1. Suppose R0 equals 30 Å. What FRET efficiency, 1/(1 + (r/R0)^6) with r the Cβ-Cβ distance, do residue 16 and residue 214 give to the nearest 0.05?
2. Calculate the spin-label point distance for residue 221 paired with residue 25, positioning each point 7 Å from the Cα along the beta-carbon direction, and give it in nanometres.
3. Who wins for biggest fluctuation among 18, 383, 126 in a Gaussian network model of the chain, springs between alpha carbons below 10 Å?
4. Running a GNM on the chain with Cα contacts under 10 Å, which residue among 354, 139, 330 ends up with the highest mean-square fluctuation?
5. Dipole of the stretch 153-311, Cα-centred, from +1 at each Lys and Arg C-beta and -1 at each Asp and Glu C-beta, to the nearest 20 debye?
6. Just tell me the longest site-free run in the chain, where the sites are GluC sites (Glu not before Pro) in a DSSP loop having at most 15 other beta-carbon atoms within 10 Å.
7. If each of residue 267 and residue 327 carries a label point 7 Å out from its Cα toward its Cβ, how far apart are those two points in nm?
8. Can you tell which of 94, 144, 288 lies farthest toward the positive end of the dipole of the chain, using +1 and -1 charges on the Cβ of basic and acidic side chains (Lys, Arg; Asp, Glu)?
Amino acid sequence: MDISIGTMVLVPAIAVAAPLLVRAIGRWLVIPLVVFEIALGLLLGPAVLGWVVPDDFVTLLSEFGLAMLFFLAGNEIDFRAIRGRPLSRAAIGWIISLAAGIGIAAVIAVDLPAAAFIGIALTSTALGTIMPVLRDSGDLRTPFGIAVIALGAVGEFGPLLAISLFLSGRSPVLAAAVLLSFAVVTGVAIWLAAKGVGKRLHRIITSTLHTSGQFAVRLVIFMLLALVALSIVLDLDMLLGAFTAGVLYRLLLSGAPEHDAEIVETKLEAVGYGFLVPVFFIYTGLTFDLAALFGDVRTAVLLPIFLVLMLLVRGLPSLLAAPAESSRRDLVATALFGATGLPIIVAVTAIGVDNGDLPSGTAAALVGAGMLSVLLFPLIALAIRKNRSGAPTPTPEDDPYVPVEG
């Protein structure tokens, strides 16, 4: 494995510097942490200064970071809170987004396979990015927050299903059969967890919370890698397995003593947000193809076009999930949160470039639009919500990754 000592030191240095910048600049402007991680990776990476060159070690860690991000997203979702109208409306909205995304992409893409990649990328919602924002703003448990969480859940799970069905290289019928096999295996595991099988593990988790055993953390890593491995064996996208592992672990932990569950959550956030997830976002900046984006005027023009399309394709259909009798400000904020996307865009474009179906310049424009959506849309949505209700916005004293309960 190719390992650079400089990269080994500078990548964690970026991870340390990013929250310090959030704290310093947050006195005047609240910017999501992931923006600094990506921007610093871009600045120090091959595209600009060239101080950090991605190696095999960082690439592997970034894969784990992406998987952990989706695990944490699946683990955050409380399906009991979003079931019913929010979830069903969000699902209908996502189907509309998928049809609109592929239809519009077919007009601007070089061919139909590229249109499929672009269309699916445009339908994503970055649940892992917007969840901490909702918590910090005190909106997480409000009807508005529940609707946005439903949008995020569908906006991450839906594209993963679409990737497995349409971008796997198999016929749709065979892909559906393979996906059904995965659903059966994971469905049985989720059913058993929901029936309380995990209660037998609670005593072991409690007894090892403060020992070298750390059974809860070891169980998470095992479940994550096992379901990711199952996805890979079935030639599905690994993120589908990671997301499902998060949902499964949340069910296994249900019914555990509240104090113990909070400690476990803290440990998982420390491993994920403190170590693995930052590497993924930094790696995104390191590998961003700046030359391909601005090497051609037509490609550069695609960046603002994709940003607008994210609002049209994903934002407008997201309004279906908004609570009844929502104000105009709430509707605008719902659309902005629904159109915020990045991790799925990175994953989809990487597959498209690797398969030779998506030009690298187009991929860079999509990722760039995703980066701008993470930077702009939540900030605008928060400002709109604050103007409406005087709700607090995140302060520089708040941890940018580990949110405070609202």
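1. So, using R0 = 30 Å, E works out to roughly 0.80.
2. It is 3.4 nm.
3. Of the options given, 383 has the highest mean-square fluctuation.
4. 354
5. Around 520 debye, computed over the stretch 153-311.
6. 1-324
7. Output for this residue pair reads 4.4 nm.
8. Highest projection toward the positive end goes to 144.
The values are calculated or read from the model by the stated rules, or taken from the named source; none is laboratory data. Computed from a prediction, not measured in an experiment: that's the story for all the values here. Backbone-built Cβ (ideal geometry, glycine too); neighbour counts: all protein chains shown. For the accessible areas, the whole protein counts, side chains as well, though only heavy atoms, and no ligand, DNA or RNA atoms are used. Shrake-Rupley method; radii C 1.70, N 1.55, O 1.52, S 1.80 Å.
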